[in-house]
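First comes the structure, then the notes that go with it.
The values are calculated or read from the model by the stated rules, or taken from the named source; none is laboratory data. Bear in mind the structure is a predicted one, so any value in this text is a computation, not a measurement. Cβ: placed from backbone, ideal geometry, glycine included. Neighbour counts: every protein chain shown. Surface areas here come from the heavy atoms of the whole protein model, side chains and all, with no ligands, DNA or RNA. Shrake-Rupley method; radii C 1.70, N 1.55, O 1.52, S 1.80 Å.
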Amino acid sequence: MTSSSDAPSAAGVPTRGSGEGQTLWGGRFSAKPAEVMQAINVSIGVDHRLWEQDLKGSRAHCRMLMAQGIVSADDGAAILDGLDRIEAEIRDGTFPFRDEFEDIHMNVEARLSELIGAPSGRLHTARSRNDQVATDFRLWVRDACDRTLAQLHALQRILLDRAEAHAGDLMPGFTHLQPAQPVTLGHHLMAYVEMFGRDHGRFADARARMNESPLGAAALAGSPFPIDRHATAAELGFDRPMANSLDAVSDRDFALESLSAASICAGHLSRLAEEIVIWMTPQFGFVTLPDELTTGSSIMPQKRNPDAAELVRAKTGRITGSLIALTTVMKGLPLAYSKDMQEDKPPVFEAFDALDLALTAMMAMVAALRPNLERMRQAAGSGYSTATDLADWLVRELNLPFRQAHHVTGAAVKRAEALGVDLGQLPLAELTALEPRVTEAVYKVLSPEASCASRLSFGGTAPDGVRARIAEWRSRLS
């Protein structure tokens, strides 16, 4: 067997030198890469996660080449059989991932050559690693979006169950984390159903926009072979092939858009996690979590720490950081492909791993939360939270301008504070001293229950309205 740098090996793989440091692009080079070049260039440690998408894309490309008469039926059958054998090896853990072949694409191609010999060299006809990686990565991000979409619906269903159970249970609504107006726990939880619904919409929009196939764009200019890009797009579940070969291989906006959706979703998860942390403090005492979802302290035996919620909160930094990282990688790249884009996958993989874990943890926590309903009900009336109801009554029943009613109510709160009582306990004489036309009827609106029940406007906290919105969401999710 010859050791010429241009000669095929026994497996059909071009080599350089005597076999050490083989590459699939070595014909132009007479020396193997320097150690530092190898270290910075190799990505198999990261992009091995694309193996399933890589095999799927290669099968579609092979079948198209066969259908177009570019590759013979015999060679095509050998290639497809070899790809099946590679999949079996990867699944059972015997596939030889090797750094000398840089990435998942060249590792698969090298192994294919070892398994089936010369026919393997025909698979890369009319294809470049540029459109190959763009296709694989797009397929991976699409799959990740599909998983996230399913998780968001699952989380919404859990929230709906909890909201329905507590549609009429009072709690304080806050602004500036100060008691503002009474709401129900069901209404509060439904706010997150709405947020996660918009997150679902963002991922669905991103998925729809990314569902175009780069395969067949080749290196950057398309292919002179009579390929059928519509056929490969259809087999891979894409709506259509991308219409510009430069754009197909060089843009990663599908990943950026998905990371943006992930970052916003992580922000919503973080807000809910923060509320769980606050609600679990003894000072609030609104909820508890079971032992299985909390941790203890190595020195303070009384502690029950909401670590799962805190870690969900922390994942936001990693996910948003991934968006910034990829935005920075892409911001100044000229068309078409640049090696910078090898750095596109680590932040995307990290972000979706973090989001997957955060969603899973949040589903577990929401399902297991045990609310202290009596503590919440008592807090619902604290901080003079029915003051707005008094002002609204003055406008509605006495026809005061709202600003005047606001002033009267402020004075009433000040007087109640001085007497150490709630608004509903303020003597009528105190109220008539501020506005002589006030009657006993005012007390009907000064309880937290009455306040909640009165909020009948669409989207308000009235329990019947909350239950109606829950029913709408159940219908939508079914």
(message) If I filter segment 65-79 for residues that are in contact (Cβ under 8 Å) with a residue 60 or more places away in the chain and part of a helix (DSSP H, G or I), do I get at least one hit?
(response) yes
(message) Filter segment 96-151 down to the residues that are open to solvent by 40 Å² or more (accessible area, probe 1.4 Å), in a helix (DSSP H, G or I) and over 30 Å from Asp199 (Cβ atoms) and list them by number.
(response) Asp99, Glu100, Glu109, Arg111, Glu114, Ala118, Gly121, Arg122, Arg129
(request) Of the conditions (1) buried (at least 16 other Cβ atoms within 10 Å of the Cβ); (2) of a type in the set (A, V, I, L, M, F, W, C); (3) not in a loop (DSSP other than H, G, I, E, B), Ala471 clears all except one; give me its number. (result) (1)
(request) Would you mind stating whether Arg437 is farther than 30 Å from Leu149 by Cβ and surrounded by fewer than 19 Cβ atoms within 10 Å (Cβ to Cβ)? (result) yes
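For segment 360-382, name all the residues that are open to solvent by 50 Å² or more (accessible area, probe 1.4 Å) and not charged (D, E, K, R). Please lay out each step first, then the result.
Step one: of segment 360-382, the residues open to solvent by 50 Å² or more (accessible area, probe 1.4 Å) are 360, 367, 370, 372-375, 377-378.
The answer is Thr360, Ala367, Asn372, Leu373, Gln378.
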(message) Quick check on segment 417-427: of everything there that is of a type in the set (A, V, I, L, M) and either open to solvent by less than 50 Å² (accessible area, probe 1.4 Å) or at pLDDT below 90 (or both), which residue is nearest to His406 (Cα to Cα)?
(response) Leu423
(message) What pairs come out if I take residues in segment 242-254 that are modelled with pLDDT of 95 or more and of a type outside the set (Phe, Trp, Tyr) and pair them with residues that are open to solvent by less than 10 Å² (accessible area, probe 1.4 Å) and assigned to a helix (DSSP H, G or I) whose C-beta lies under 7 Å away, six or more apart or interchain?
(response) Met242/Ala248; Ala248/Asp131; Ala248/Ala134; Val249/Asp131; Val249/Ala134; Arg252/Leu326; Arg252/Met341; Arg252/Asp344
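Given the criterion under 30 Å from Leu373 (Cβ atoms) and charged (D, E, K, R), identify the matching residue among Asp199, Asp228, Asp146. Before you say what the answer is, go through the steps one by one.
Values: Asp228 fails: under 30 Å from Leu373 (Cβ atoms); Asp146 fails: under 30 Å from Leu373 (Cβ atoms).
Among Asp199, Asp228, Asp146, only Asp199 is under 30 Å from Leu373 (Cβ atoms) and charged (D, E, K, R).
Give segment 429-462 a look and list any residue that's outside any loop (DSSP other than H, G, I, E, B) and without any contact (Cβ under 8 Å) to a residue 40 or more places away in the chain, or say none. Working first, answer last.
Filtering segment 429-462 down to residues outside any loop (DSSP other than H, G, I, E, B) leaves 429-434, 440-445, 448-454.
Within segment 429-462, Ala429, Glu430, Leu431, Thr432, Ala433, Leu434, Glu440, Tyr443, Lys444, Ala453 qualify.
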(message) Considering only residues that are in a helix (DSSP H, G or I) and among the β-branched types (Val, Ile, Thr), which ones fall in segment 152-183?
(response) Ile158
(message) Return the pair list, or none, for Cβ contacts closer than 6 Å from residues in segment 339-361 that are over 30 Å from Leu272 (Cβ atoms) to residues that are open to solvent by 30 Å² or more (accessible area, probe 1.4 Å) and assigned to a helix (DSSP H, G or I), at least 6 apart or on different chains.
(response) Asp340/Val329; Glu343/Val329
